[in-house]
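Report on the following structure.
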Amino acid sequence: MTLAEDRSVQIRHVPDDVHRVLRRRAAGEGKSMQEYLLALLVDQARRPTAREVLERAGRHSGGEVDSGDMIRQLRDERDAR
């Protein structure tokens with residue numbers, strides 16, 4: 001991401017207990033709150049949802065997904081992270 005592509009997200013009304021936990025976790029990793037939350041968001045956005053995995057599996061198998069294949073696909077996606 002370049003500075004020209006910089007995007008901002010603001011979250012309001014974060015419960016105090018949640019804010020404390022996130023601040024503590026960020027500090028525990030030696031990161032600012034912004035760095036910590038950005039890493040969480042990037043990680044989450046890069047993980048395919050179950051629907052995305054199923055759609056991808058459906059395209060590869062001609063539209064029908066065996067439940068065993070689906071489970072293997074989900075595990076493969078998870079393990080690839």
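The values are calculated or read from the model by the stated rules, or taken from the named source; none is laboratory data. Predicted model only: the values in this text are computed from it and were never measured. No Cβ is skipped: glycine too gets one built from the backbone with ideal geometry, and neighbour counts run over all protein chains shown.
Which helices (runs of 4 or more DSSP H) does the stretch 6-69 wholly contain that include 2 or more residues that are modelled with pLDDT under 85?
In the stretch 6-69, the matching helices (runs of 4 or more DSSP H) lie at 50-60.
Filter the stretch 10-28 down to residues that are under 18 Å from the mean Cα position of the chain (by Cα) and surrounded by 10 or more Cβ atoms within 10 Å (Cβ to Cβ), then give me how many there are.
3
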